[in-house]
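Novice: Pasting a structure below so you can have a look.
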């Protein structure tokens, strides 16, 4: 008995005890899981379509972080009163800070996120980034440079993609992290482009002043939601930026474990394809009655056909061709060429 007491006072034993206490599971209610599923299905249809391609045991946790992102986005867009919006976002920030101690309020999304946070030991800084970027963005009516738009996309959709990568357990490979970050930035910028009319109606513009000036875009016509060649040129330039991010993701040496987190590239690709088909007219009437449905049909088709804009990492350089004096060697070399 005395020996046990001595052992229990050892620093290493106490560290193990704290680690065990930290790893104790937190289980959310089934109602919270259903709430997150319904919320994402309603508010983030494209993201919901991608969830079906995650491993079954991880889907509820992917839905939890997506539902959290939906709640943050709704809090940022819910009111035109900047002060009230900041109060709502600060409440969500305080919720994230309480996750490690499991001292969370009674809220279905918070309940589900708390389980996911402790099960996968999520990076709390990524969760905070989803909130902080929205808080920082509140007073900005129009960014000065494209760098701000890129940084915002990286801190929102990029952070969300990295959280998904952590749930997949593939976040220790640098190539995975970089590819997912690039895809998340592309998705984030494409979503800002897609919401141009929504934001313009609220006197908010995500087209940088620098780009608008270069394209001679009239901000007054934009806030009136009027289509123009200048606006189309701005959209074209931002679309080129999105494609650059997707191309950079192709070059990364990612592993197959990260693949589900990369499927969201289909969201950006489907939108860019649709935008290009309309000559980059983001105010085209078809966006309001069929634009979303066309994109949603394309997303699963792209994923299933593996044309969602990302190809597997490039294979190592082929061996020198075998001697041509053998028929078998010639056939083998030809097959290698066809595959390449």
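Novice: So what's the Cα pair-distance distribution over region 117-213, bin width 5 Å, in %?
Specialist: 3, 13, 21, 24, 16, 11, 8, 5, 1, 0
Novice: Ranking 48, 271 by Cβ neighbours within 10 Å, fewest first, what do you get?
Specialist: The most exposed by this proxy come first: 48, 271.
Novice: Further, regarding this structure: Rank these for me by crowding, 259, 128, going from fewest to most other beta carbons within 10 Å.
Specialist: Lowest to highest Cβ neighbour count: 128, 259.
Novice: Could you list 61, 107, 171, 199 so that the one with the fewest beta carbons within 10 Å of its beta carbon is first and the one with the most is last?
Specialist: 107, 199, 171, 61
Novice: Sticking with this one: Out of all Cα-Cα pairs in region 31-139, roughly what percent, to the nearest whole number, are more than 16 Å apart?
Specialist: Values: 3372 of 5886 pairs.
Distances greater than 16 Å cover 57 percent of the Cα pairs.
Values in this text are rule-based calculations from the coordinates and carry no lab data. Since this is a predicted model, take the numbers as computed values, not measurements. As a convention, Cβ positions derive from the backbone with ideal geometry for all residues, glycine included, and neighbour counts pool all protein chains shown.
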